Amino acid sequence: MPATGDGRAPGATSLSGAQAGAPVDHARNRPAPTGPTPAGQVTAAPPIPHPRHQTGHTSAPADAPAAAASSTAPLKLLVIEDDASDAQLIKAAVADSGTSIEIHWARGLEQATELLAVSPSGTRRGRSRGSNFSCVLLDLAAPADLPHPSDDSDGLEGLHELLRRAPHTAVVVLTDAAGAELGAAAVAAGAQDFLIKHATDGPLLGRALRYAVERKRADESQRRLVEAELRGQENARLQRHLLPTPLLDGAGLSFTRRYRPGRRRALLGGDFYDAVRTDDGTVHVVIGDVCGHGPDEAALGVALRIAWRTLVFAGLTGEALLTTLQHVLEHERRSDEIFATLCMLVIEPGGASGGLDSLGAGEPARLYLAGHPAPLLLGRDHQPVTLPADLAGPALGLLPCHDGQAAWPAQQLELQPGWRLLLYTDGLIEGRVGAGSRRLGQDGLADLIGDHQSAGLTRGRLVDSAIAEVEELNGGALTDDVAVLLLERNPVQLILG
């Protein structure tokens, strides 16, 4: 091909002997390639699968005609060339390439931009799928037609503008023999390949175009993969920082927690928990569950947990705290059907001060239940028992606070020395037992925990083994969020001389 560096505008507007948009006939009656052929449109969707040629079948599936049409679809090429004679040479090379190519011709970037514009059918759910062209062949010698040309010219102004206007379309540039370095610079700037006019024949052009399309497709897939990984890492960091750090310094308690969201690839679900010790020595523990699954429920759970901690440090407790927390839920939830169950335990300072005169004394505690399963009291020498739930109130958000039924009275407890309490969300007890519809339930969980205690398991090993057996009984991973807290009073060790 002769060089076209004079920058003159041709008088012809279409290729002689071929109309824009019509496939170019192959020279020498070349057969269509039997291998995978790029589709006629580059999109931001996943790569088009390559058909596998199967033999020995007597019948084809119902979608075989559509698959055959897709495999023989021509490569749709847009040529940006201002010289009609060079355009004719490109047409001849395409005809000799052995590849089914549909040529469209544009004199400059303005006309090319109109052809590259996405049609209304080229969008899905508001997302652009790129242009309808598989590749653009750009002559670097063609005038750039820039609205605001720059004085600092590097010969790639047209390429930069094309990449800005059609970022998802493969680009191959043409240059003359003296512009090989310019072609390499074009590849570095974002083009998929470059060709030297006098050294390019039909087969080389066909291979370069196919390579450019596949390379662009691979680059787009890699870009989407990197973006997804970055989003995943960012979400993981965000969710990890949203999980609480219990503030129990000086409480003399052992605190074991396990948290498993039901959503795949998530670190945070609608369950929430927290534990803090206030200045007066009182220990406050909460565990809750927002109904539903998804990021909205996870965000609401975080909001409720943070609000609960704030209210505790502000001096609220009991029904006053729960009433205020329901107001937070009512203002933060996305619909009136959203509610949250909650279990709150308040352990007052008393017999666990650590002195010799307090040995054997119990600790007073108050239990508040808002539609939540009651904790398990794990005895050292007897079967775990469920704490009483006679005074349980409704879940937060079910009834208005001014309704007389929206009350959460306290269940008074006395925790004996060496006590251990297991708090959990209903995801742990709603798993199935076997193939039927039977659920594990609170009684089943108590029996299961008792068996693991008898085997000598304690603390983290006890909780982990219990969750593992619940999943085994369920026949797989639990679909609901699961939060488990094991709170234990550390026994006072006496040193005898």
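Okay, here's what the table says:
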{"item": "Condition check for A191: surrounded by 19 or more Cβ atoms within 10 Å (Cβ to Cβ), at pLDDT below 90 and not acidic (D, E)", "result": "no"}
{"item": "Qualifying residue in segment 413-427 (condition: in a loop (DSSP other than H, G, I, E, B), open to solvent by less than 30 Å² (accessible area, probe 1.4 Å) and either at pLDDT below 90 or aromatic (F, W, Y) (or both))", "result": "yes"}
{"item": "Hits in segment 302-321 - residues which are surrounded by 16 or more Cβ atoms within 10 Å (Cβ to Cβ) and in contact with a helix residue (DSSP H, G or I) (Cβ under 9 Å, 6 or more places away or on another chain)", "result": "V302, A303, L304, R305, A307, W308, L311, V312, L316, T317, L321"}
{"item": "Filter result for the condition that a residue is crowded, with 17+ Cβ neighbours inside 10 Å, touching a helix residue (DSSP H, G or I) at 6+ places or on another chain (Cβ under 6 Å) and over 21 Å from H372 (Cα atoms), over L396, L462", "result": "L462"}
{"item": "Breaking point among (1) open to solvent by 70 Å² or more (accessible area, probe 1.4 Å); (2) within 30 Å of L329 (Cα to Cα); (3) free of Cβ contacts under 8 Å to residues at least 40 places away in the same chain, for S454", "result": "(2)"}
{"item": "Filtered residues of segment 446-481 (kept if outside any loop (DSSP other than H, G, I, E, B) and closer than 14 Å to R420 by Cβ)", "result": "A446, I449, G450, H452, Q453, R459, G460, R461, L462, V463, A466"}
{"item": "Residues that are open to solvent by 30 Å² or more (accessible area, probe 1.4 Å), assigned to a helix (DSSP H, G or I) and within 20 Å of G269 (Cα to Cα), drawn from segment 322-339", "result": "V328, E330, H331, E332"}
{"item": "Among the candidates P491, P409, residue that is part of a loop (DSSP other than H, G, I, E, B), more than 20 Å from Y273 (Cα to Cα) and modelled with pLDDT under 90", "result": "P491"}
{"item": "Output for segment 274-301, where each listed residue is touching a helix residue (DSSP H, G or I) at 6+ places or on another chain (Cβ under 8 Å) and open to solvent by 10 Å² or more (accessible area, probe 1.4 Å)", "result": "T278, H284, D289, C291, L300"}
{"item": "Failed criterion for A307 (all others in (1) part of a loop (DSSP other than H, G, I, E, B); (2) over 18 Å from L487 (Cα atoms); (3) hydrophobic (A, V, I, L, M, F, W, C); (4) at pLDDT 95 or above hold)", "result": "(1)"}
{"item": "Only listed residue being of a type in the set (D, E, K, R) and open to solvent by 20 Å² or more (accessible area, probe 1.4 Å), chosen from D403, D481", "result": "D403"}
{"item": "Positions within segment 444-467 being farther than 18 Å from R258 by Cβ and more than 37 Å from the chain's Cα centre (by Cα), in sequence order", "result": "D447, G450, D451, S454, A455, G456"}
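The values are calculated or read from the model by the stated rules, or taken from the named source; none is laboratory data. Not measured: the values here are computed from a predicted model. Ideal geometry is used to build each Cβ from the backbone, glycine not excepted, and the neighbour counts take in all protein chains shown. We work out accessible area using only protein heavy atoms, side chains counted, and drop any ligands, DNA or RNA first. Shrake-Rupley method; radii C 1.70, N 1.55, O 1.52, S 1.80 Å.
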